[in-house]
Amino acid sequence: MTGPLLEVENLRTTFVTDQETIRAVDGVSFSVAPRHTLGLVGESGSGKSVTARSILGLIDDPGRIHPDSAIRYHRPAFVQRIAREYPDRVRWVDGDGDADRDGSHDGNAFVTIEAGDGEGTSLTVDRGSVDLVAAPENVVQSVRGGEIAMVFQDALGSLNPVYTVGNQLRELLGIHRGLRGGAATEAAAELLESVGIPDPKRRLKEYPHQFSGGMQQRATIALALACDPSVLLCDEPTTALDVTIQAQILELLARLQRERDLSIVFITHDMGVIAQIADSVAVMYAGEVVERASVGRLFDHPKHPYTQGLLRSIPGLTGEVDRLPTIEGSVPTPNEPPTDCRYAPRCPKAFDECKMIHPEHVPAEEPAGSEGTGADGTDGTEGTHVDETDGTAERSEDAAERTGDAAEHTVACLLYPDAEPLEERLRTHRQRGDLGTAPDAAGADAADGDATEGER
């Protein structure tokens with residue numbers, strides 16, 4: 001298929017308490033193409049894990065996903081099945097998003113068909129999407145595991161300590177694939193073998209505590225793959241592992257992606273891991289994406305001061321220094337509508353307008369022949385990315401060719417577009433905010449106070 005497999009647009013997830021409203025994810029947008037790895041990177045508290053949980057509808061009270069958010073899943077076979085089950089919740093649109101059939105813009109529609117034919121049980125879909133925010137809970141449950149699966153950071157906590165690993169795999173295979181008895185046992189052993197666990201039939205009889213840390217993580221990956229998903233959400237799966245085991249898990253994920261045509265959203269705070277595994281990167285800070293780019297461009301030409309700070313903290317990218325640079329302060333708790341730059345209090349390049357204008361995403365492409373800005377914030381740093389990542393830049397160029405717009409470089413910072421004078425830059429950001437690039441503050445406050453039927 002062409003275009004994205006998973007698309008997140010203006011995702012807003014809040015947690016409402018008696019004291020305040022935490023805007024954990026505040027207007028996040030990104031897309032993931034087939035067989036593509038998107039890295040979500042940022043410090044703890046940036047909203048990365050909440051973003052992943054929001055995609056799967058795993059937000060518990062007092063958390064809410066706001067109904068103006070959109071999480072679109074595009075696999076045609078799945079869209080076709082759901083459209084046949086919910087024919088009265090389907091809308092047909094043309095390439096410009098306009099209604100293509102009478103009455104197809106029903107406000108209750110959560111299935112969008114852009115190319116297809118027929119109706120009812122004979123309907124076929126070539127291109128379309130299911131909005132998981134507006135979809136009924138049973139549709140979201142059918143996506144969870146079967147279409148989009150998640151690998152959590154705490155491998156041992158993801159496994160039930162009182163059941164053998166085999167029992168847990170067989171249960172999943174029975175629920176999602178209808179396998180029972182010997183067929184389920186054989187499939188479970190094949191899954192353990194596929195993730196590199198030796199003597200899999202014996203290991204099926206063992207409990208999670210009998211596995212090493214690396215083997216526990218492999219077992220959780222096997223559980224995630226049991227239902228043959230198309231998208232894998234990996235929430236810091238290597239954080240608790242030593243460097244050697246971490247490298248093995250990253251190699252395993254890369255192999256599984258090739259063999260199973262997986263799309264991966266990889267969440268981490270480790271820029272070194274991002275360099276090794278990602279095709280494109282979304283940098284998150286205080287609930288927002290502040291920069292998007294291919295992995296090669298991000299390492300060779302970082303634009304946002306926060307991204308530059310993250311890269312300067314990697315040993316080897318800043319030359320020989322006695323002490324690695326740090327970013328002073330900590331990530332703030334986003335509990336107010338975005339009316340300024342949330343990074344401004346920590347930013348070495350902040351100026352007065354950063355406290356009054358919320359930056360919107362603008363193109364950060366370099367003019368032809370420009371050397372750009374390197375990880376140290378200076379010009380002329382080509383080559384550092386390839387040296388640090390064993391050729392990742394070449395791999396990311398191939399990824400850029402097959403993902404098209406997914407590799408576009410944008411940055412949410414008042415320093416850009418840097419070719420424009422200051423007043424013109426400020427006008428550009430104000431206009432983009434007025435056009436609705438960012439959520440309306442008044443509407444956000446109203447939504448925080450009253451939960452609607454569309455909130456999940």
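Kindly evaluate L310 against the criterion of being buried (at least 17 other Cβ atoms within 10 Å of the Cβ), modelled with pLDDT under 95 and not in a strand (DSSP E or B). Spell out how you get there, then give the answer.
Details: buried (at least 17 other Cβ atoms within 10 Å of the Cβ): yes; modelled with pLDDT under 95: yes; not in a strand (DSSP E or B): yes.
Criteria met by L310.
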Test R177 against the stated conditions and say whether it is buried (at least 17 other Cβ atoms within 10 Å of the Cβ) and among the basic types (K, R).
-> no
Across the stretch 2-58, what is the number of residues that are within 18 Å of S69 (Cα to Cα), touching a Lys or Arg at 6+ places or on another chain (Cβ under 9 Å) and not small (G, A, S)?
-> 18
Regarding A407, is this residue within 19 Å of L298 (Cα to Cα), at pLDDT below 50 and either aromatic (F, W, Y) or buried (at least 21 other Cβ atoms within 10 Å of the Cβ) (or both)?
-> yes
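Going by the structure shown, is F266 buried (at least 24 other Cβ atoms within 10 Å of the Cβ) and closer than 23 Å to P359 by Cβ?
Details: buried (at least 24 other Cβ atoms within 10 Å of the Cβ): yes; closer than 23 Å to P359 by Cβ: no.
Judged against the criteria, F266 is not a match.
I need a count of the residues in the stretch 237-252 that are buried (at least 21 other Cβ atoms within 10 Å of the Cβ) and either over 23 Å from A187 (Cβ atoms) or under 17 Å from the mean Cα position of the chain (by Cα) (or both). Please lay out each step first, then the result.
Kept after step one, since they are buried (at least 21 other Cβ atoms within 10 Å of the Cβ), are these residues of the stretch 237-252: 237-238, 249.
Narrowing the set further to residues that are either over 23 Å from A187 (Cβ atoms) or under 17 Å from the mean Cα position of the chain (by Cα) (or both) leaves 237-238.
Adding up the residues that qualify gives 2.
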Right, D228: modelled with pLDDT under 95 and under 23 Å from I175 (Cα atoms) or not?
-> yes
So which residues in the stretch 278-298 are surrounded by 24 or more Cβ atoms within 10 Å (Cβ to Cβ) and of a type in the set (A, V, I, L, M, F, W, C)?
-> A278, V281, A282, V283, M284, V289, V290, A293, V295, L298
Within the stretch 62-70, can one find any residue that is closer than 25 Å to S294 by Cα and touching a strand residue (DSSP E or B) at 6+ places or on another chain (Cβ under 6 Å)?
-> yes
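Take the residues in the stretch 113-141 that are of a type in the set (D, E) and farther than 14 Å from E7 by Cβ; name whichever of them is farthest from the chain's Cα centre (by Cα).
To start, the set of residues in the stretch 113-141 that are of a type in the set (D, E) comprises 114, 117, 119, 126, 131, 137.
Among the residues that remain, those that are also farther than 14 Å from E7 by Cβ are: 117, 119, 126, 137.
Numbers: D117: 32, E119: 33, D126: 25, E137: 21 Å.
This residue is E119.
Determine whether A399 is assigned to a helix (DSSP H, G or I), touching a strand residue (DSSP E or B) at 6+ places or on another chain (Cβ under 9 Å), over 29 Å from A24 (Cα atoms) and at pLDDT below 90.
On the way: assigned to a helix (DSSP H, G or I): yes; touching a strand residue (DSSP E or B) at 6+ places or on another chain (Cβ under 9 Å): yes; over 29 Å from A24 (Cα atoms): yes; at pLDDT below 90: yes.
Considered against the rule, which asks whether it is assigned to a helix (DSSP H, G or I), touching a strand residue (DSSP E or B) at 6+ places or on another chain (Cβ under 9 Å), over 29 Å from A24 (Cα atoms) and at pLDDT below 90, A399 comes out as yes.
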Only one of (1) crowded, with 19+ Cβ neighbours inside 10 Å; (2) of a type in the set (K, R); (3) under 25 Å from L250 (Cα atoms) fails for R35. Which number is that?
-> (1)
For the stretch 252-261, indicate whether the set of residues that are at pLDDT 95 or above, out of contact with any Asp or Glu (no Cβ under 6 Å at 6 or more places or on another chain) and closer than 26 Å to R342 by Cα is non-empty.
-> no
When the stretch 167-177 is examined, which residues are found to be in contact with a helix residue (DSSP H, G or I) (Cβ under 7 Å, 6 or more places away or on another chain) and either closer than 15 Å to L225 by Cβ or of a type in the set (A, V, I, L, M, F, W, C) (or both)?
-> Q168, L169, R170, L172, L173
Could you check how many residues of the stretch 208-218 are surrounded by 13 or more Cβ atoms within 10 Å (Cβ to Cβ) and either of a type in the set (D, E, K, R) or in a loop (DSSP other than H, G, I, E, B) (or both)?
-> 2
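How about the stretch 253-263: which of its residues are surrounded by 14 or more Cβ atoms within 10 Å (Cβ to Cβ) and part of a helix (DSSP H, G or I)? First the steps, then the outcome.
Restricting attention to the stretch 253-263, the residues satisfying the condition of being surrounded by 14 or more Cβ atoms within 10 Å (Cβ to Cβ) are 253-254, 256-257, 260, 262-263.
Those that are surrounded by 14 or more Cβ atoms within 10 Å (Cβ to Cβ) and part of a helix (DSSP H, G or I): L253, A254, L256, Q257, R260.
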Hits in the stretch 73-87 - residues which are over 15 Å from Q141 (Cα atoms), buried (at least 20 other Cβ atoms within 10 Å of the Cβ) and either of a type in the set (D, E, K, R) or out of contact with any strand residue (DSSP E or B) (no Cβ under 6 Å at 6 or more places or on another chain) (or both) | R75
With respect to S194, determine if the residue is surrounded by 14 or more Cβ atoms within 10 Å (Cβ to Cβ) and among the hydroxyl-bearing types (S, T, Y).
-> yes
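Quick grid of which residues meet (1) assigned to a helix (DSSP H, G or I); (2) over 19 Å from the mean Cα position of the chain (by Cα); (3) surrounded by fewer than 19 Cβ atoms within 10 Å (Cβ to Cβ):
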residue: A149; (1), (2), (3): no, no, no
residue: G166; (1), (2), (3): yes, yes, no
residue: A187; (1), (2), (3): yes, yes, yes
residue: R202; (1), (2), (3): yes, yes, yes
residue: E206; (1), (2), (3): no, yes, yes
residue: L223; (1), (2), (3): yes, yes, no
residue: P229; (1), (2), (3): no, no, no
Name every residue in the stretch 284-294 that is over 22 Å from A247 (Cα atoms) and either part of a strand (DSSP E or B) or modelled with pLDDT under 95 (or both), in order of residue number.
-> M284, Y285, E288, V289, V290, E291, R292, A293
Residue pairs meeting the criteria (Cβ under 9 Å; at least 6 apart or on separate chains; first of a type in the set (G, A, S), in the stretch 413-430; second surrounded by fewer than 13 Cβ atoms within 10 Å (Cβ to Cβ) and part of a loop (DSSP other than H, G, I, E, B)) = A419/P367
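The values are calculated or read from the model by the stated rules, or taken from the named source; none is laboratory data. Only a predicted model underlies this, so the values are computations on that prediction, with no experimental measurement involved. We place every Cβ from the backbone using ideal geometry, glycine too, and count neighbours over all the protein chains shown.
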